[in-house]
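Each remark here refers to the structure printed beneath this line.
Where a number appears in this text, it was derived from the coordinates with a stated rule and is not lab data. Since this is a predicted model, take the numbers as computed values, not measurements. Using ideal geometry, Cβ is built from the backbone for each residue, glycine included, and neighbour counts are taken over all protein chains shown.
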Amino acid sequence: MPEQVSVENAMYPEYAAGERELGSVSGSGTASGGFGPAGAAVAVYLVCQFGGELTVNVANTGKTTIPCGTREDPTRTVFELDATVAVLSVDVESAEGSAWALTVTDAGG
């Protein structure tokens, strides 16, 4: 596994060194987050308290189901964007009561 960046808040997943963090969001059930500008590709690092999977929609690219990872071994999913975006939106859907956290990074592209 590549070198990881450890995030100060123990709730959020670690992410690959060399990727610029755009932001993090956590919740239970359905939530949305807005992040700063992003390049042509972003990576979503996902962890969940009890496993399972979430549905994520990044920058209106369509809903994608992602399996949950752990803080030390998060699930990393790359989303290719049509162009750079000024404000990146991320919508998350999960079962009510399912605690999750994600970190979004600029994955280049």
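Per-structure values
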| item | result |
| --- | --- |
| Environment charge at residue 53 (Cβ cut-off 14 Å; Lys +1, Arg +1, Asp -1, Glu -1) | 0 |
| Whether the chain is rounded, prolate or oblate, judged on the alpha carbon gyration tensor where a/c under 1.5 counts as rounded | oblate |
| Packing-based exposure ordering (other Cβ within 10 Å, fewest first) of 80, 96 | 96, 80 |
| Most fluctuating residue given options 73, 91, 82, as computed from a GNM of the chain linking Cα atoms under 10 Å | 82 |
| Hypothetical label at residue 49: residues of the stretch 62-83 whose amide nitrogen lies under 19 Å (7 Å Cα-Cβ projection) | 67-75 |
